[in-house]
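One structure is given here, and the rest of the page talks about it.
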Amino acid sequence: MYPEPSLGPDAPKSPLPDLGPAGRVILHQGTSGIVLTVDLATLIRAAETSNGVIVFAPQVGDFVAVDEPLFKLYGGALAVNDETLRSTLEFGSERTLEQDPTFAFRIVIDIALKALSPAINDPTTAVLAIDQLHRLLRLVGKRHLRTDEISDASGRLRSSFQRRIGKNSSI
């Protein structure tokens with residue numbers, strides 16, 4: 001999921017591009033559900049073809065209700081067909097590990113918490129789960145996780161995932 005190695009704590013951080021207000025917002029239609037996957041290649045192609053920027057509003061693993069924002073369009077991307085963009089998403093009723101690596105952490109944390117509950121009281125399982133969390137965090141710590149902005153071959157921003165600073169915050 002994150003093949004690039006970390007550049008270290010002193011690596012320059014890319015500033016959040018100031019795109020201004022979205023020219024158009026595409027809302028979710030159909031049935032509410034959890035975002036399972038995003039076809040990034042199609043999103044980038046649509047942004048390049050239209051010479052615009054497409055921001056994906058939720059994150060993979062987020063629950064999206066009907067009429068909530070899916071995409072924010074900027075520049076030439078205003079002309080991209082709604083259905084083309086909606087077809088890049090797959091929704092379901094449960095999170096998966098395919099494009100949602102944080103879900104793996106949630107599962108291991110749940111195992112540790114349940115093992116420590118008074119009803120189960122299994123400290124061995126809790127310790128094993130915490131050991132696995134330690135291993136996973138060490139692996140993740142060596143990876144570059146800032147993949148929010150996706151640029152084309154010329155380095156121009158084409159697609160972005162909204163950054164969340166705190167609960168319910170967005171760009």
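No value in this document is a laboratory result; all are computed from the given coordinates. Values in this document were obtained by computation on a predicted structure and should not be read as measured data. In this analysis, Cβ positions are derived from the backbone assuming ideal geometry, glycine residues included, and neighbour counts consider all displayed protein chains.
Here the 3J(HN,Hα) profile of region 60-75, calculated from phi with Karplus coefficients 6.51, -1.76 and 1.60 at θ = phi - 60°, is 4, x, 7, 7, 10, 8, 4, 6, 8, x, 9, 9, 10, 10, 10, x Hz, Gly and Pro shown as x.
If Lys and Arg each add +1 and Asp and Glu each add -1, what is the summed charge of the other residues whose beta carbon sits under 15 Å from the beta carbon of His28?
Values: positive: Arg24, Lys72, Arg86; negative: Asp62, Asp67, Glu68, Asp82, Glu83, Glu90.
Residues close to His28 contribute a combined charge of -3.
The label-point distance for Val66 and Leu113, in a model that sets each label 7 Å from Cα toward Cβ, rounds to 3.1 nm. Summarising the label geometry, the points placed 7 Å from Cα in the beta-carbon direction at Leu137 and Ala79 lie 5.0 nm from one another. Computing FRET efficiency as 1/(1 + (r/R0)^6) for Thr124 and Leu97, where r is the C-beta to C-beta distance and R0 is 35 Å, gives about 0.90.
Using the alpha-carbon positions of region 31-76, Rg (one decimal) and Dmax (whole number) come out as 11.6, 31 Å.
Based on the mean of other Cβ atoms within 10 Å per residue, sort peptides 48-61, 116-129, 80-93 so the most packed one is first. Can you show the working numbers first?
Values: 48-61: 19.9, 116-129: 12.6, 80-93: 14.9.
Sorting 48-61, 116-129, 80-93 by mean packing, highest first, produces 48-61, 80-93, 116-129.
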